[in-house]
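Here's the structure, in structure tokens; my notes come after.
The values are calculated or read from the model by the stated rules, or taken from the named source; none is laboratory data. Quick caveat: nothing in here was measured; it's all calculated off a predicted structure. Positions of Cβ are backbone-derived with ideal geometry, glycine not excepted, and every protein chain shown enters the neighbour counts.
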Amino acid sequence: MQLILERRLSRPRHVEFLFPLIALGLALIFSGILLWIFGANPFETYAAMATGAFGQRYHISETLLRAIPLMLTGLAVGIAFRMLFWNIGAEGQFVWGIIAATWVALFLPELIGGMPQWTFLPAMIVAAFVAGAIWGLIPAFLKTALGVNEIITTLMFNYVALLWMQYLYTGSWKDPEGFGFPGSAQFPEHAWLPRLPIDLGRVHYGLVIAVLAAFLLWLVLDRTKWGLEIKVIGKNPLAARYAGMSIARNVLLVMFVSGGIAGLAGFSQVAGVAHRLQNGIAVGDGFTAIIVAWLAKLNPWAILLVSLLLAGLSTGGDQLQITMGLPAAVAGVLQGSILFFVLGADVFINYRLRVIRTQPRPAANPAPASGGPTPAD
Amino acid sequence: MELALLISILTVTIQAGASLVFAAVGEIYTERAGVLNLGLEGILIMGAVSAFAVGFHTESLLLGTLAAVVVGGALASIHAFLSVTLRADQVVSGLALTLFGIGLSSFLGQRLGPEGAPLVGLVGPKFSKMTIPALGQIPLLGQALFNQDLLVYLMYLTVPVSAFLLYRTRIGLNVRAVGEDPDTADAMGISVTRTRYMATIGGGMLMGLGGAHLSLAYTPGWTENLTGGRGWIAIALVIFATWDPARALLGALIFGGVNAMQFRLQAAGGGVIPAAMLAMMPYLLTVVVLTLITVYENVSRRLGAPAALGLPYMRGER
């Protein structure tokens, strides 16, 4: 008997929706077993996480706040993945957004002899977008001009950016009045991204930027010729080339947008939450973004939803520490296993498992026995 | 410079480089077979936590080290199952493994102490330095090279053995064939699936060993985020070393040296080159090396960049 995977000729609609849900359930069971083995009650843990994420108004607002950078970086990664450009570097582009926004808020006014207060936020947005975009364009250029593998370059550039930021807030940008605390001076208040005018705790206008970005991306990807080009290149680069589309130009354009949006995420975190350059702003959202984009099947609206889910896991995880004395890292275990199972389930959307009964092989052609020498040796 | 200082810098460099060598050689085997395992950081940290936890409770260095190897192999087998059998995207699967490993290690680190207490701050068994008679007395190099712990000596062995295995044996030939041109390998009767599984799981075991060196020798004990991104450095190292175990050793010593220097610079309070700039070097160098081997593709062929890296294999489908 043999198990083989066979490509599905048609993709039934119910399979596409059902399988990810089954995967989610299996991931919960798998992590539950892990929790149980190591002495934590999985039901209580999940209940505490759910309450911690969505239980009260405060929790909901914290989850929303947590979701903003995931939404933006998720969108950034999503558009690049659409045309099979593996931008693993959203974290670095995010960091450059933080650095550029900080530079505008703290150092640019002095350099050009003062700026009207209302220009701060727009200037920070532009700077963050451009900085992120440039950091994204370098690997894109290396890829299109020289064919250098972007998975590795974008990945490596994350660490260069992170170390650069660390150098700035512990070194030349360190607040001289900060009592030796590693971090820049606080931004002036007109450089703070305001909170939403509704009663939602610390949730700031970054949420609006994220929703707007999702809308624009959806519009561009689904309703314009350029969006179609990106889709074609992602599905079949060879056909795209025959149709006269320039892959190189599109890769550069897409990475400009992708890096830029990741830069905006950095802007919204530093201007909306931290209000200064310091440790703990870049906590790996650019990596989580890859999971977000993948789970959302690169659909901009779905990216917003999945960000909320993962943000919920994260805030719920933080609450575990307080309510059950369990490490917040449980969230990472859950995120990882959800991804494992969704990845596994994806295969069964495209393929189906078939059981084939095989006849025993004729003795003249023995199956290579494990251990024993084969004639080839 | 004083001789004693030079010896101590060399000794620390080797200490810092050992886990990188294990991890990088593990990744080299995996990638040579055509599988990109970005879960390295997760495996490394899980290796570290399991080595320390088991070592602490059994008071046996051997069992602790074995635990890390087994856990490394087990985690790698998840990646192998997803990327080889199910043909899932290797980048995403690897990142999931890293995320999972970091989360689980942190969770375990807070649960696996005596009676569910955290492991942090506990003192367990550790590999102590053993001077090799005669060799350890050779001035400078001998004093640095042969005054190390057992796992470092194991690392010295790992490099030539894995190079031999890769270039001089049937197994190595199969691994390289499967990573280079799975179609042809398959046609020649090499099982692509089995070879990739073996390379990925074997590689994972080596990565686990690297984790064990961290928590049982280099910085004995457990702290959260103990690996501190070493897994990513090791991935950089594989490219820097152009998929060759011997060059990985050389690279690990350079990267380990940079790491060791960084601490000294920080201790000395800055210096001419800021520590952060120095720490960037491995990553920047990797991008430079990758660019060079891509541009000079004929060189890259000779250097052994696996052509089918990251591509799933399905018989009769291209």
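Some notes on this structure:
- Exclusive hit being aromatic (Phe, Trp, Tyr), more than 28 Å from B:Tyr296 (Cα to Cα), touching a residue at least 40 places away in the same chain (Cβ under 8 Å) and more than 14 Å from chain B (Cβ to nearest Cβ), set A:Trp118, A:Trp173, A:Trp103: A:Trp118
- Just one residue in the set B:Gly34, B:Gly47, B:Gly109, B:Gly39 is out of contact with any Gly (no Cβ under 9 Å at 6 or more places or on another chain), crowded, with 24+ Cβ neighbours inside 10 Å and modelled with pLDDT of 90 or more; that residue is B:Gly109.
- Of A:Leu70, A:Leu65, A:Leu28, all but one fail to be farther than 24 Å from A:Gly325 by Cα, in contact (Cβ under 8 Å) with a residue 12 or more places away in the chain and not β-branched (Val, Ile, Thr); the exception is A:Leu70.
- Whether a residue is within 12 Å of chain A (Cβ to nearest Cβ) and out of contact with any Lys or Arg (no Cβ under 8 Å at 6 or more places or on another chain) was assessed, and B:Leu86 passes this test.
- Any hit, the range A:133-154, residues being under 22 Å from the mean Cα position of the chain (by Cα), within 18 Å of A:Gly266 (Cα to Cα) and surrounded by fewer than 22 Cβ atoms within 10 Å (Cβ to Cβ): yes
- Any hit, the range A:36-59, residues being touching a residue at least 60 places away in the same chain (Cβ under 8 Å), touching a strand residue (DSSP E or B) at 6+ places or on another chain (Cβ under 8 Å) and either surrounded by 17 or more Cβ atoms within 10 Å (Cβ to Cβ) or away from every other protein chain (no Cβ under 14 Å) (or both): no
Yes or no, residue by residue, for (1) free of Cβ contacts under 8 Å to residues at least 24 places away in the same chain; (2) within 27 Å of A:Tyr169 (Cβ to Cβ):
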site	(1), (2)
A:His190	no, yes
A:Leu193	no, yes
A:Pro197	yes, no
A:Phe215	no, no
A:Gly227	yes, no
A:Leu238	yes, no
A:Gly244	yes, no
A:Gln269	no, yes
A:Leu277	no, yes
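- Identity of the residue in the range B:266-279, surrounded by fewer than 20 Cβ atoms within 10 Å (Cβ to Cβ) and either assigned to a helix (DSSP H, G or I) or at pLDDT 80 or above (or both), that ends up nearest to the other protein chains (Cβ to nearest Cβ): B:Met277
- Counted residues, the range A:140-160 - those being within 11 Å of chain B (Cβ to nearest Cβ) and either hydroxyl-bearing (Ser, Thr, Tyr) or in a loop (DSSP other than H, G, I, E, B) (or both): 6
Quick grid of which residues meet (1) free of Cβ contacts under 8 Å to residues at least 12 places away in the same chain; (2) assigned to a loop (DSSP other than H, G, I, E, B); (3) within 30 Å of A:His59 (Cα to Cα):
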residue: A:Leu162; (1), (2), (3): no, no, yes
residue: A:Arg202; (1), (2), (3): no, yes, yes
residue: A:Leu212; (1), (2), (3): yes, no, yes
residue: A:Val251; (1), (2), (3): no, no, no
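- Comparison of A:Asn250, A:Asn236 shows that the only residue that is away from chain B (no Cβ under 14 Å) and over 18 Å from the mean Cα position of the chain (by Cα) is A:Asn250.
- Residue in the range A:263-276 that is at pLDDT below 95, in contact with an Asp or Glu (Cβ under 9 Å, 6 or more places away or on another chain) and closer than 20 Å to A:Trp164 by Cβ present: yes
Table: residues versus (1) aliphatic (A, V, I, L, M); (2) in a loop (DSSP other than H, G, I, E, B).
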{"position": "A:Ala67", "(1), (2)": "yes, no"}
{"position": "A:Trp86", "(1), (2)": "no, yes"}
{"position": "A:Ile125", "(1), (2)": "yes, no"}
{"position": "A:Ala131", "(1), (2)": "yes, no"}
{"position": "A:Trp135", "(1), (2)": "no, no"}
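- Single unsatisfied condition, A:Glu16 versus (1) of a type outside the set (A, V, I, L, M); (2) modelled with pLDDT under 90; (3) closer than 19 Å to B:Leu75 by Cα: (3)
- Any chance A:Ala289 is outside any loop (DSSP other than H, G, I, E, B), surrounded by 21 or more Cβ atoms within 10 Å (Cβ to Cβ), modelled with pLDDT of 85 or more and within 12 Å of chain B (Cβ to nearest Cβ): yes
- Candidates A:Val126, A:Val160, A:Val130, filtered to the one that is within 21 Å of the chain's Cα centre (by Cα) and farther than 30 Å from B:Thr242 by Cα: A:Val130
- Annotation: of all residues in the range B:280-294 being in contact (Cβ under 8 Å) with a residue 40 or more places away in the chain and at the interface with another protein chain (Cβ under 7 Å from one of its Cβ atoms), the one that is farthest from the chain's Cα centre (by Cα) is B:Leu290.
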